[in-house]
1. So in region 146-194, with the set limited to residues that are charged (D, E, K, R) and out of contact with any Asp or Glu (no Cβ under 8 Å at 6 or more places or on another chain), which one is nearest to S110 (Cα to Cα)?
2. Quick one: count up the residues across region 104-141 that are out of contact with any Ser or Thr (no Cβ under 7 Å at 6 or more places or on another chain), small (G, A, S) and surrounded by 24 or more Cβ atoms within 10 Å (Cβ to Cβ).
3. If a residue must be among the polar types (S, T, N, Q) and under 15 Å from A237 (Cα atoms), how many such residues does region 189-217 contain?
4. If you go through region 178-200 one residue at a time, do you hit one that is outside any strand (DSSP E or B), surrounded by fewer than 16 Cβ atoms within 10 Å (Cβ to Cβ), modelled with pLDDT of 95 or more and in contact with a Gly (Cβ under 9 Å, 6 or more places away or on another chain)?
5. Just to be sure, is I166 part of a strand (DSSP E or B), in contact with a helix residue (DSSP H, G or I) (Cβ under 6 Å, 6 or more places away or on another chain) and within 23 Å of Q103 (Cα to Cα)?
6. Answer yes or no: is there a residue in region 7-18 that is surrounded by 13 or more Cβ atoms within 10 Å (Cβ to Cβ), at pLDDT 95 or above and assigned to a strand (DSSP E or B).
7. Counting only residues that are within 30 Å of K134 (Cβ to Cβ) and without any contact (Cβ under 8 Å) to a residue 24 or more places away in the chain, how many does region 16-30 have?
8. So, in region 221-245, of the ones that are surrounded by 14 or more Cβ atoms within 10 Å (Cβ to Cβ) and under 20 Å from the mean Cα position of the chain (by Cα), which residue ends up farthest from R185 (Cα to Cα)?
Amino acid sequence: MLVVVSPAKSLDMAPVAITATAPAFQDDAIRLAKTARNLTLTQLKDLMHISDDLARLNRDRFKAFAETPAPEATKPAALAFNGDTYQGLEAKTLSDDGLRWAQDHLCILSGLYGLLRPLDAIQPYRLEMGSRLKTRRGKSLYDYWGDTIANALNAQAAAQGTETLINCASQEYFGAADRKALTLRVITPQFMERKDNRPRIVSFFAKRARGAMARHIVENRLTDPQDIQTFNTGGYAYDADLSEGDKWVFLRDYPSA
């Protein structure tokens with residue numbers, strides 16, 4: 001089976017001694033970066049709802065985005081992204097064999113790169129999938145990517161001999177996988193916290209748990225979707241009563257301070 005996760009806004013571009021691979025949609029990333037670099041600071045700020053300082057940082061990133069970047073200007077995606085999901089994934093501590101397995105089974109959705117493998121080389125960027133960046137293909141990145149991401153996931157699944165995808169991405173990012181074009185069964189784990197006898201989703205915890213679920217799949221080389229119900233990292237446990245269809249709920253008691 002495949003597992004997909006979202007990228008992160010924060011990055012750690014410190015160099016690592018790992019050979020990176022080329023993203024499948026590098027040409028699209030170059031095209032989008034060229035579009036974004038033509039925006040003014042005010043336009044970038046409005047597009048991504050960011051501060052003046054972040055707008056300047058990302059303007060400079062888009063201007064520096066190279067068609068053929070030097071290796072030292074890039075980093076493997078799973079090691080470069082540095083948000084909550086990646087604290088759960090902890091790709092830096094995966095074995096070499098684990099990273100190789102992840103390369104074929106773990107996909108990272110990206111507004112700029114479309115779909116990334118863990119070892120695909122990325123340049124520094126920030127461009128959320130929900131951004132309404134106008135291109136010749138439409139008024140948003142959803143328009144730009146169309147059915148490209150879904151078709152790529154279908155092809156990756158076929159190459160691995162699976163018909164199942166575990167969706168550990170946010171709604172914003174998984175929305176870029178056209179469900180009409182996607183031929184796979186999609187199982188979506190939901191991570192909830194029990195507080196005052198009521199289950200609820202807490203975004204911070206859920207993001208980290210999605211990454212931890214992806215790591216659980218990679219570390220254990222899981223291929224049968226039923227096996228993800230064994231996930232217990234951080235005290236979560238599968239809850240059959242709260243689960244419905246292919247939305248599988250994992251519940252734990254709200255962590256004490």
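The values are calculated or read from the model by the stated rules, or taken from the named source; none is laboratory data. Here the structure is a predicted model, which is why all the values come from computation and not from measurement. Using ideal geometry, Cβ is built from the backbone for each residue, glycine included, and neighbour counts are taken over all protein chains shown.
1. Among them, the one singled out is R179.
2. Of the residues in region 104-141, 1 are out of contact with any Ser or Thr (no Cβ under 7 Å at 6 or more places or on another chain), small (G, A, S) and surrounded by 24 or more Cβ atoms within 10 Å (Cβ to Cβ).
3. Selection size over region 189-217: 1.
4. yes
5. Considered against the rule, which asks whether it is part of a strand (DSSP E or B), in contact with a helix residue (DSSP H, G or I) (Cβ under 6 Å, 6 or more places away or on another chain) and within 23 Å of Q103 (Cα to Cα), I166 comes out as no.
6. Yes, because at least one residue in region 7-18 is surrounded by 13 or more Cβ atoms within 10 Å (Cβ to Cβ), at pLDDT 95 or above and assigned to a strand (DSSP E or B).
7. Final tally of qualifying residues: 1.
8. Here the residue is T233.
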